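> Before we start, here is the structure in question, set down as structure tokens.
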Amino acid sequence: QVQLVESGGGLVQAGGSLRLSCAASGRTLRSYDMGWFRQAPGKEREFVAGISRSYDTSYADSAKGRFTISRSLAQNTVYLQMNSLKPEDTAVYYCAASGGVGRRSPEQYNYWGQGTQVTVSS
């Protein structure tokens with residue numbers, strides 16, 4: 001099975017930037033569609049960004065233009081570059097892997113990381 005370990009979360013001021021990393025082990029990322037999700041207190045987990053085996057990318061409207069998802073097969077790692085952060089971006093961020101077709105629903109993903117806290121202060 002694939003294991004996912006996230007890092008890069010923290011506390012930043014509004015307008016700042018943060019880069020999240022999701023390191024995979026056990027299997028190559030060539031086998032998976034990958035996605036980033038987030039969950040704020042009292043809210044359901046929501047899709048943020050995704051990248052397919054063929055490197056097609058997709059973004060939530062709230063993330064488009066500010067966030068960039070990428071993957072490095074050499075490092076077996078998926079990244080989420082977050083710029084122009086807003087207080088409403090505050091949430092626990094999760095990376096996920098899908099052995100099938102991963103799109104915007106959490107149910108389409110088989111494996112999940114531990115989550116990393118992102119807090120944006122005003």
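The values are calculated or read from the model by the stated rules, or taken from the named source; none is laboratory data. Everything numeric in this text was worked out from a predicted model, so none of it was measured. Glycine gets a Cβ as well: all are built from the backbone with ideal geometry, and neighbour counts include every protein chain shown. Surface accessibility is based on the protein's heavy atoms, side chains included, excluding ligands, DNA and RNA. Shrake-Rupley method; radii C 1.70, N 1.55, O 1.52, S 1.80 Å.
> Tell me, what is the FRET efficiency for Ser72 and Asn110 to the nearest 0.05, using R0 = 22 angstrom and their Cβ-Cβ distance as r?
Step by step, r from the Cβ atoms, then E = 0.55.
> Also, quick follow-up: Which percentage, to the nearest 5, of the DSSP beta bridges contained in the chain is antiparallel?
90 percent
> Rounded to the nearest 20 Debye, what is the dipole magnitude of the chain about its Cα centre when Lys and Arg each give +1 and Asp and Glu each give -1 at the C-beta?
Approximately 220 debye in magnitude.
> Further question on the same structure: Step by step: find N for the chain, compute 2.2 N^0.38 Å, then divide the Cα radius of gyration by it. What's the final number?
0.97
> With labels modelled as points extended 7 Å from the Cα through the Cβ direction, what inter-label distance (nm, one decimal) is found for Ser25 paired with Glu46?
Reported label-point gap for Ser25 and Glu46 is 3.3 nm.
> When ligands, DNA and RNA are left out and all protein chains stay put, how many square angstrom of accessible area per residue does the chain have with a 1.4 Å probe?
52 Å²
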